[in-house]
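Report on one structure; see the data block that follows.
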Amino acid sequence: LYALRRVLESHVAYEFTRLATDQEVSRLADTVKRLLINGKKKSPKGVLSAKADFYSVLFAGAHNGLIHEILGGLMSRVNMLRGTSLMRPDRLPRSLEEISDLQKVIILFLI
């Protein structure tokens, strides 16, 4: 599940860098900021909401409905696990770093 997700998310990130509008890039940055703020507050509800918004913006900005649909199904399965695992002390910092790194890579491709 996670290996397939990694491959598809990499493709979505690539497509986002090619196709996203300036507004979508800005919205993605806003979701990352919200995610980091809620992570520092250790707010499970805030982190889960911001992470869902991040993926929503990322998928929409890739402008590929089929991959959005496939990843949406994978994300539904992952979300069942995320609520419990994300707030583990060792997982949250790593998750926040992964999202920040992904945003940095996207920005590098946009330059």
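The values are calculated or read from the model by the stated rules, or taken from the named source; none is laboratory data. The structure presented is a predicted model; accordingly, all values stated were derived computationally and were not measured. Note: ideal-geometry Cβ built from the backbone for every residue, glycine included; neighbour counts use all protein chains shown. Just so you know, the surface numbers come from the protein's heavy atoms only, side chains and all, with ligands and any DNA or RNA stripped out. Shrake-Rupley method; radii C 1.70, N 1.55, O 1.52, S 1.80 Å.
When each pair of different Cα atoms in the chain is counted once in the 1/r mean, what is the Kirkwood radius in angstroms, to one decimal?
Working: mean 1/r = 0.0710 Å⁻¹.
Evaluated on the chain, it is 14.1 Å.
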* **Full-stretch length increase - Leu4, Leu74 - with 0.36 nm per residue and alpha-carbon distance subtracted** => 24.3 nm
* Structure fact -> Using alpha-carbon coordinates alone, the radius of gyration and Dmax of region 11-73 in Å work out to 12.2, 35
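Mind putting a number on the dipole of the chain about its Cα centre? Charges go on the C-beta only, +1 for Lys and Arg and -1 for Asp and Glu, and I need it in Debye to the nearest 20.
Here the chain has a charge dipole of around 580 debye.
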* Structure fact -> One finds, for His11 and Lys33 with R0 = 25 angstrom and r their Cβ-Cβ distance, a FRET efficiency to the nearest 0.05 of 0.50
* Asked: Roughly to the nearest percent, how much of the accessible area of the chain is carbon and sulfur, given a 1.4 Å probe?
  -> 59
* Express the accessible area of region 1-81 per residue in Å², computed with a 1.4 Å probe while the remaining protein chains stay in the model. => 58
* To do: When a/c is below 1.5 the answer is rounded, else prolate if a/b is larger than b/c, else oblate, so apply that to region 1-42 with a ≥ b ≥ c taken from the square roots of the Cα gyration tensor eigenvalues.
  => oblate
